[in-house]
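Beneath this line is the structure, given in C-alpha coordinates, with notes to follow.
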Amino acid sequence: MPESRAPSIEESLNCLSIEPDKSQRQENLKKEVTDLEKHQRFIRIAKVTSLRSKDPNTQVGCVIVDKDNCIVSIGYNGFPIGVDDDVFRWDKEDPEDNKHLYVVHAEMNAIINKRCATLHDCVVYVTLFPCNKCAQILIQSRVKKVYYLEDRDELAFRSSKRMLDHSKIPYEQIIMPKEKYVIRL
Ligand SMILES: Nc1ccn([C@H]2C[C@H](O)[C@@H](COP(=O)(O)O)O2)c(=O)n1
(Lines give C-alpha, C1' and ligand atoms only; values in the text may rest on other atoms or scores of the structure.)
Protein backbone atom coordinates (compact mmCIF):
# COMPACT_ATOMS: atom_id res chain seq x y z
CA MET A 1 0.00 0.00 0.00
CA PRO A 2 1.50 3.39 -0.97
CA GLU A 3 1.86 5.75 1.89
CA SER A 4 -1.01 8.25 1.88
CA ARG A 5 -0.32 11.90 2.60
CA ALA A 6 -2.24 15.13 2.31
CA PRO A 7 -1.71 16.80 -1.11
CA SER A 8 0.43 19.92 -1.19
CA ILE A 9 -1.22 23.27 -1.99
CA GLU A 10 0.32 23.15 -5.51
CA GLU A 11 -1.11 19.68 -6.07
CA SER A 12 -4.53 20.79 -4.86
CA LEU A 13 -4.45 23.83 -7.13
CA ASN A 14 -3.44 21.65 -10.07
CA CYS A 15 -6.44 19.46 -9.41
CA LEU A 16 -8.72 22.47 -9.43
CA SER A 17 -9.76 22.74 -13.00
CA ILE A 18 -9.97 26.52 -13.51
CA GLU A 19 -9.14 26.40 -17.24
CA PRO A 20 -12.62 25.55 -18.60
CA ASP A 21 -14.05 28.41 -16.56
CA LYS A 22 -11.48 30.79 -17.90
CA SER A 23 -12.01 29.79 -21.51
CA GLN A 24 -15.77 29.92 -20.98
CA ARG A 25 -15.37 33.44 -19.64
CA GLN A 26 -13.27 34.38 -22.66
CA GLU A 27 -15.88 32.88 -24.97
CA ASN A 28 -18.64 34.86 -23.22
CA LEU A 29 -16.58 38.02 -23.46
CA LYS A 30 -15.94 37.43 -27.17
CA LYS A 31 -19.67 36.94 -27.73
CA GLU A 32 -20.47 40.13 -25.82
CA VAL A 33 -18.01 42.07 -27.98
CA THR A 34 -19.35 40.68 -31.27
CA ASP A 35 -22.94 41.25 -30.12
CA LEU A 36 -22.13 44.85 -29.20
CA GLU A 37 -20.45 45.38 -32.57
CA LYS A 38 -23.56 43.99 -34.27
CA HIS A 39 -25.87 46.30 -32.30
CA GLN A 40 -23.62 49.28 -33.05
CA ARG A 41 -23.71 48.39 -36.75
CA PHE A 42 -27.53 48.42 -36.83
CA ILE A 43 -27.70 51.63 -34.76
CA ARG A 44 -25.33 53.20 -37.29
CA ILE A 45 -27.72 52.19 -40.10
CA ALA A 46 -30.60 53.69 -38.09
CA LYS A 47 -28.56 56.89 -37.68
CA VAL A 48 -27.86 57.11 -41.42
CA THR A 49 -31.57 56.44 -42.09
CA SER A 50 -32.51 59.30 -39.75
CA LEU A 51 -30.61 61.73 -41.99
CA ARG A 52 -33.44 61.45 -44.54
CA SER A 53 -35.88 63.08 -42.10
CA LYS A 54 -36.81 66.67 -42.83
CA ASP A 55 -37.56 67.44 -39.19
CA PRO A 56 -35.30 70.42 -38.50
CA ASN A 57 -35.22 69.67 -34.77
CA THR A 58 -35.00 65.91 -34.30
CA GLN A 59 -34.21 63.31 -36.95
CA VAL A 60 -35.04 59.76 -35.91
CA GLY A 61 -34.18 56.52 -37.71
CA CYS A 62 -35.41 53.00 -37.08
CA VAL A 63 -34.23 49.63 -38.38
CA ILE A 64 -36.06 46.34 -37.81
CA VAL A 65 -34.06 43.12 -37.97
CA ASP A 66 -35.27 39.53 -38.03
CA LYS A 67 -33.85 36.56 -36.12
CA ASP A 68 -31.35 35.90 -38.94
CA ASN A 69 -30.02 39.47 -38.61
CA CYS A 70 -31.62 40.50 -41.91
CA ILE A 71 -33.05 44.00 -42.12
CA VAL A 72 -36.77 43.67 -42.80
CA SER A 73 -37.63 47.34 -42.59
CA ILE A 74 -36.41 50.87 -42.06
CA GLY A 75 -38.18 54.15 -41.33
CA TYR A 76 -37.62 57.76 -40.35
CA ASN A 77 -39.88 60.50 -39.05
CA GLY A 78 -41.74 62.45 -41.70
CA PHE A 79 -45.09 63.79 -42.78
CA PRO A 80 -47.50 61.36 -44.46
CA ILE A 81 -47.41 60.99 -48.25
CA GLY A 82 -48.93 64.06 -49.87
CA VAL A 83 -48.77 66.12 -46.69
CA ASP A 84 -46.64 68.86 -48.14
CA ASP A 85 -43.96 70.57 -46.02
CA ASP A 86 -44.72 73.81 -47.84
CA VAL A 87 -48.22 73.74 -46.40
CA PHE A 88 -47.74 71.82 -43.13
CA ARG A 89 -45.02 73.37 -41.05
CA TRP A 90 -42.35 71.72 -38.92
CA ASP A 91 -42.81 74.34 -36.16
CA LYS A 92 -44.06 73.20 -32.80
CA GLU A 93 -45.09 76.42 -31.08
CA ASP A 94 -48.69 76.73 -32.31
CA PRO A 95 -50.92 74.25 -30.39
CA GLU A 96 -53.40 74.24 -33.31
CA ASP A 97 -50.86 73.74 -36.06
CA ASN A 98 -47.63 71.99 -35.14
CA LYS A 99 -45.55 69.09 -36.42
CA HIS A 100 -46.62 66.69 -33.66
CA LEU A 101 -50.15 66.68 -35.10
CA TYR A 102 -48.88 65.47 -38.49
CA VAL A 103 -45.58 63.63 -38.23
CA VAL A 104 -45.38 59.84 -38.56
CA HIS A 105 -42.71 58.54 -36.20
CA ALA A 106 -39.72 56.56 -37.46
CA GLU A 107 -40.88 53.34 -35.73
CA MET A 108 -44.39 53.65 -37.19
CA ASN A 109 -42.98 54.11 -40.68
CA ALA A 110 -40.67 51.12 -40.18
CA ILE A 111 -43.61 48.97 -39.06
CA ILE A 112 -45.73 50.10 -42.03
CA ASN A 113 -42.85 49.61 -44.51
CA LYS A 114 -42.05 46.04 -43.43
CA ARG A 115 -41.31 43.52 -46.16
CA CYS A 116 -42.33 40.45 -44.21
CA ALA A 117 -45.58 38.96 -42.95
CA THR A 118 -44.98 39.53 -39.28
CA LEU A 119 -42.57 41.26 -36.92
CA HIS A 120 -42.84 38.53 -34.28
CA ASP A 121 -39.44 38.06 -32.66
CA CYS A 122 -37.84 40.85 -34.66
CA VAL A 123 -35.48 43.30 -32.98
CA VAL A 124 -35.85 47.08 -33.25
CA TYR A 125 -32.95 49.54 -33.46
CA VAL A 126 -33.95 53.17 -33.05
CA THR A 127 -31.97 56.37 -32.55
CA LEU A 128 -34.44 57.77 -30.00
CA PHE A 129 -36.35 55.76 -27.40
CA PRO A 130 -39.87 54.90 -28.66
CA CYS A 131 -42.65 57.16 -27.38
CA ASN A 132 -45.77 55.68 -25.76
CA LYS A 133 -47.69 55.51 -29.06
CA CYS A 134 -44.87 53.70 -30.85
CA ALA A 135 -44.39 51.38 -27.87
CA GLN A 136 -48.07 50.37 -28.10
CA ILE A 137 -47.64 49.34 -31.73
CA LEU A 138 -44.28 47.65 -31.15
CA ILE A 139 -45.79 45.62 -28.32
CA GLN A 140 -48.77 44.65 -30.48
CA SER A 141 -46.35 43.63 -33.25
CA ARG A 142 -44.66 41.29 -30.73
CA VAL A 143 -41.14 42.53 -31.32
CA LYS A 144 -38.55 40.82 -29.14
CA LYS A 145 -36.31 43.68 -28.00
CA VAL A 146 -35.64 47.37 -28.52
CA TYR A 147 -32.12 48.79 -28.79
CA TYR A 148 -31.88 52.56 -28.70
CA LEU A 149 -29.32 55.31 -28.83
CA GLU A 150 -30.80 58.32 -27.03
CA ASP A 151 -33.35 58.74 -24.31
CA ARG A 152 -35.46 61.58 -22.90
CA ASP A 153 -36.90 62.13 -19.48
CA GLU A 154 -40.43 62.98 -20.65
CA LEU A 155 -43.83 61.50 -19.87
CA ALA A 156 -44.21 59.92 -23.34
CA PHE A 157 -40.96 58.01 -22.81
CA ARG A 158 -41.55 57.11 -19.17
CA SER A 159 -45.00 55.70 -19.97
CA SER A 160 -43.49 53.84 -22.90
CA LYS A 161 -41.00 52.17 -20.56
CA ARG A 162 -43.79 51.27 -18.16
CA MET A 163 -45.70 49.50 -20.92
CA LEU A 164 -42.63 47.72 -22.29
CA ASP A 165 -41.72 46.57 -18.76
CA HIS A 166 -45.19 45.17 -18.18
CA SER A 167 -45.19 43.48 -21.56
CA LYS A 168 -41.78 42.03 -20.74
CA ILE A 169 -40.16 43.49 -23.82
CA PRO A 170 -36.59 44.35 -22.89
CA TYR A 171 -34.84 47.50 -24.05
CA GLU A 172 -31.18 48.40 -23.97
CA GLN A 173 -29.24 51.55 -24.66
CA ILE A 174 -26.34 51.13 -27.07
CA ILE A 175 -23.31 53.24 -26.34
CA MET A 176 -21.50 54.14 -29.51
CA PRO A 177 -17.79 54.74 -29.88
CA LYS A 178 -17.01 58.39 -30.60
CA GLU A 179 -17.24 58.66 -34.34
CA LYS A 180 -17.83 61.27 -36.99
CA TYR A 181 -20.06 60.67 -39.99
CA VAL A 182 -18.63 61.99 -43.21
CA ILE A 183 -20.93 61.59 -46.19
CA ARG A 184 -19.32 62.36 -49.53
CA LEU A 185 -21.69 62.83 -52.44
N1 LIG B 1 -39.20 57.55 -30.85
C2 LIG B 1 -39.47 58.66 -31.56
C3 LIG B 1 -39.61 59.88 -30.94
C4 LIG B 1 -39.85 61.01 -31.70
N5 LIG B 1 -39.93 60.87 -33.05
C6 LIG B 1 -40.10 62.09 -33.86
C7 LIG B 1 -41.29 62.92 -33.73
C8 LIG B 1 -40.78 64.30 -34.11
O9 LIG B 1 -40.67 64.42 -35.52
C10 LIG B 1 -39.39 64.30 -33.51
C11 LIG B 1 -39.33 64.87 -32.12
O12 LIG B 1 -39.40 66.25 -32.22
P13 LIG B 1 -38.99 67.22 -31.02
O14 LIG B 1 -40.00 67.04 -29.96
O15 LIG B 1 -37.60 66.82 -30.57
O16 LIG B 1 -38.98 68.60 -31.64
O17 LIG B 1 -39.01 62.95 -33.50
C18 LIG B 1 -39.80 59.65 -33.65
O19 LIG B 1 -39.83 59.53 -34.88
N20 LIG B 1 -39.58 58.56 -32.89
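The values are calculated or read from the model by the stated rules, or taken from the named source; none is laboratory data. This is a predicted model, so every value here is computed, not measured. In this analysis, Cβ positions are derived from the backbone assuming ideal geometry, glycine residues included, and neighbour counts consider all displayed protein chains. Quick note on the areas: whole protein, heavy atoms, side chains included, nothing else; ligands and nucleic acids left out. Shrake-Rupley method; radii C 1.70, N 1.55, O 1.52, S 1.80 Å.
Take region 40-100, drop everything but the C-alpha atoms, weight them equally and run the Debye formula without solvent; then report log10 I(q)/I(0) at 0.12, 0.19, 0.26 Å⁻¹ to two decimals. At q = 0.12, 0.19, 0.26 Å⁻¹ the computed log10 ratios are -0.38, -0.74, -1.05. With both residues required to sit in the chain, DSSP beta bridges show an antiparallel share near 55%. Packing here is the average count of other Cβ atoms within 10 Å per residue, and on that basis the peptides 60-69, 73-82, 109-118, highest first, run 60-69, 73-82, 109-118. For the residues E150, E27, E172, a GNM of the chain with alpha-carbon springs under 10 Å puts the largest fluctuation on E27.
Taking all protein chains together and a 1.4 Å probe, the residues H39, H166, H105, H120 rank H166, H120, H105, H39 from largest to smallest accessible area. Once you reduce region 102-136 and region 16-82 to the center of their Cα atoms, the two points are 14 Å from each other.
For the chain, take the longest principal axis of its alpha carbons; what is the angle in degrees between that and the long axis of helix 19-50, to the nearest 10 within 0 to 90? The two axes meet at around 10 degrees.
Under the 0.36 nm per residue contour assumption, what length would be gained going from the current alpha-carbon distance of K67 and I137 to full extension?
Length gained, K67 through I137: 23.3 nm.
Calculated over region 35-185, the projected area of the Cα convex hull averaged across directions stands at 10.2 nm². Evaluated with a Cβ-only charge set (Lys, Arg +1; Asp, Glu -1), region 1-151 carries a dipole of roughly 440 debye about its Cα centre, given to the nearest 20. Ignoring everything except DSSP H segments at least 4 long, calculate the 222 nm mean residue ellipticity for the chain; use -39,500 (n - 2.57) per segment, divide by total residues, nearest 500. Estimated from H runs of four or more residues: -11500 deg cm²/dmol.
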